[in-house]
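To start, the structure under review is shown below, and the notes come after it.
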């Protein structure tokens, strides 16, 4: 396990919908993007460990230690997502999600590594999202859990779409042993260590 220096600072954040996992805007991006620095006065040199895209929510780990960031992103650490999908998902689709599904990565076909997937018995109690999700009049939705050890660009969204149940809402709830817990949306909590 990677031990960080005592001066390093680590954080977990409940990233809201509509924010990008960055502190500065690259030249190509629009200027009206919402950045992590709007949520909390992070120490200089803080970086996100991995990313959640603008439309995704949930647990985002941050650190001032580059070695910690490299360790977490390069290791086969589990990342668990609660995903609201369009439709009443089938056991067959869940099985395909677990065994590996073909998606496109960098315009090439790619089969995801085996993971874990199951239907959640109770609907997660997340706060309402900034942008409304369609309601029950448009047909059923299902909340599922997906756990993966890799993190290709928009991987979970591509996986659910590939099995015929597009993602409506995506919330990361766990990275390794660190969970979202009772953290409120938009809030930050300092961590002693990131394992």
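We did not get these values from a lab; they are worked out from the coordinates using the rules stated. Keep in mind that this is a model prediction, so the values were computed, not measured. Cβ coordinates were reconstructed from backbone atoms using ideal geometry, including for glycine residues, and neighbour counts include every protein chain displayed.
Tell me the Rg and the Dmax, in Å, that the Cα atoms of region 79-175 produce.
Final numbers for Rg and Dmax: 13.0, 37 Å.
Quick check on region 134-195: take the gyration tensor over C-alpha atoms, sort the square-rooted eigenvalues as a ≥ b ≥ c, and tell me if it's rounded (a/c under 1.5), prolate or oblate. Numbers along the way, then the final one.
On the way: a/c = 3.03, a/b = 1.61, b/c = 1.89.
It comes out oblate by the Cα gyration axes.
Would you mind getting me the FRET efficiency between residue 92 and residue 120? Use the beta-carbon distance for r and R0 = 25 Å, nearest 0.05. Don't jump to the answer; show the numbers that get you there.
Details: r = 18 Å, r/R0 = 0.71.
Calculated transfer efficiency: 0.90.
What is the gain in length, in nm to one decimal, between residue 55 and residue 191 on full extension, counting 0.36 nm per residue of separation less the C-alpha to C-alpha distance? Mind showing how you got there, number by number?
On the way: separation 136, 0.36 × 136 = 48.96 nm, distance 2.53 nm.
Computed gain between residue 55 and residue 191 is 46.4 nm.
Eigenvalues of the Cα gyration tensor times 5, then square-rooted: what semi-axes does that give for the chain, in whole angstrom, largest first?
Details: eigenvalues 157, 75, 55 Å².
Its equivalent ellipsoid spans semi-axes of 28, 19, 17 Å.
Could you work out the relative contact order of the chain, using alpha carbon pairs under 8 angstrom and six or more residues apart, expressed as a whole percent?
Details: 378 pairs, mean separation 63.4, N = 195.
Computed over the chain, the figure is 33 percent.
Determine the calculated [θ] at 222 nm for the chain from helices alone, applying -39500 (n - 2.57) to every DSSP H run no shorter than 4 residues and normalising by the residue count; nearest 500 deg cm²/dmol. Walk me through the intermediate numbers first.
On the way: 3 runs with 26 residues, N = 195.
Value at 222 nm, helices only, nearest 500: -3500 deg cm²/dmol.
Multiplying the sequence separation of residue 132 and residue 102 by 0.36 nm and subtracting their Cα-Cα distance, what value in nm do you get? Intermediate results must be reported in sequence, preceding the final value.
Values: separation 30, 0.36 × 30 = 10.80 nm, distance 2.96 nm.
This chain segment gains 7.8 nm when fully extended.
Could you identify which residue out of 113, 15, 158 has the top mean-square fluctuation in a GNM of the chain using Cα springs shorter than 10 Å?
113
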